[in-house]
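Below: one structure, written as C-alpha cells.
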Amino acid sequence: MGSAHPAIPVILAAEGTPLLGHAHERVVAPLEAASQQAPEALPDPWVVRLALRLAEGLLMARAPERAALWVGVAGERLATARPRDRVAHATLTARLALAADPQAPLADTLTEARLALVAAPLDERDALETRIRLVEAEAAWRQGLFGPVLERLSSRLRQANAFARIDDLWRAQRLLGLARQARLDFAGAADAFTQALDVCEAHDAPLDTAETLLHLGQCRLALNDAAGAIEAFTRAQGLAPPDSAPFQANVGALAMARLAVGEPDAAIAEAQQGAVAAARADNHRAYIQWVGVVTHLHRVLGRHEAAYRQLLGIYGTLRRGLGEAAAAPVLGLIDTLRADLGDEAFEALSARLLASQTRH
C-alpha cells in the first residue's frame, strides 16, 4: 500500500541526489510538492524521510528557519523511524544549532545520535558514525579549533565504507582542506582540496568548484607555485557568475598572483575587472573595495599619478550619478595618495593634472 503513494518515488529520487552546487534546488521543489500529495496517507517512516531530506536541502539553500520546521515535522514521528533517520534527525538538529550559534552545546543531540547508531545495522554504522563526526568537526571549525577537525575526519577518508553519501564525502574533504590551510599545512590542504574538486566537478557543482579552486590556488601560491595558482584562479573565474562571492574573491586572488609573478599590469587589469563586475551588478560596496585594490596596486608600483587621475574620474562619476555620500569613500583613497607623496608633491601633482585637463 505505502509504495503506491505518489510521493514515495520522489522521496527515493531526492535521497539519491547529491546536494552540491544548485542540486538542492532539484531536491527542494519536488519534495515540497510531494509533501502536498495527501500527506496524511503517507506512513510515518516516509514522512520522516521526506521531512529530513527536505530539511537538509533547505539548509544547503541557506533557509535554516524553514529547515527547522521540517526537522520538527520529522521529530514528531521518530518513534517508528529507522536508526539511520534518527541519526539524521539528531545531526541535522545539531547543524541547525551551529548555524545559529557556533558555541551551541551539542552534547544532548549527539548523544541521541550515538544511541540511534547502536541500534543501526552493522553495515550502516561506519557511514552513520561519519555523519556524527562531521558535525563534531564542523563545531570545532566554527570555534577556530583545527586540530579536532583533523582528528575527527582524517582517518575516515582511509576507511572503507565510511562514506555512503557524496555530500558527506565533500563536506569532509572541504573541512580537512580548510583546517590544514588554517594550520599552514598548504601541501596537505592542496591534496584535500584537489579531492574535493574531483567530487564537485563530477557532480555538476560550478559554484562549489569555483570556491574549491580559490582555496586550491591560495595553497599553490603559498607553495610558490604561482603558475598553478593562476591556473586555478583563472578556471574559477569562468565558473562563477560576476555578482557572486566566489567570482569577487577569485578576482582579488588572481590579481595578487599576477603581482607575485611580476606582472603588475595584469594584476591591475584583474582588479579592474572585479570593479567592472561589481558596477554591473550594482554592488556599490564591492565596487569601492575594488577601486581600493586598484589604488593600492598603483601605490605599490609608485604610479600615484595614474591612481589619482583614475580616482578623480571615479569621484566625478559617482557624485553625479549617486550623490556625495556614494562618492565620499573615493576622497579617503585620494588622501592615501597625499599621505604617500606629502602635501607639497601632492599639490604639484594636482596642479599638473588640472593644467592637463584645461588644455584638453
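The values are calculated or read from the model by the stated rules, or taken from the named source; none is laboratory data. Because the structure is predicted, anything quoted here is derived from the model rather than measured. All accessible areas refer to the heavy atoms of the entire protein, side chains included, with ligands and DNA or RNA removed. Shrake-Rupley method; radii C 1.70, N 1.55, O 1.52, S 1.80 Å.
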Computed from every Cα-Cα pair in the range 135-246, P(r) in 5 Å bins starting at 0 and rounded to whole percents is 2, 13, 22, 22, 20, 13, 6, 1, 0
If each part is reduced to its alpha-carbon centroid, the range 297-360 and the range 149-209 end up apart, in Å, by 46
Most fluctuating of Gly228, Gly144, Gly332 in the GNM of the chain (C-alpha, under 10 Å) is Gly332
I'd like to check one number: the per residue accessible area of the range 298-341, probe 1.4 Å, reported in Å² as a whole number.
54
Given contacts defined as C-alpha pairs under 8 Å and at least six residues apart, what's the relative contact order of the range 252-308, whole-number percent?
27
Take the chain, connect every pair of alpha-carbon atoms lying under 10 Å apart with a spring to form a Gaussian network, then pick out the residue of Ala222, Ala100, Ala348 with the largest mean-square fluctuation.
Ala348
Under 10 Å, Cα contacts only: if you run a Gaussian network model on the chain, which one of Leu50, Leu322, Leu337 comes out with the highest mean-square fluctuation?
Leu322
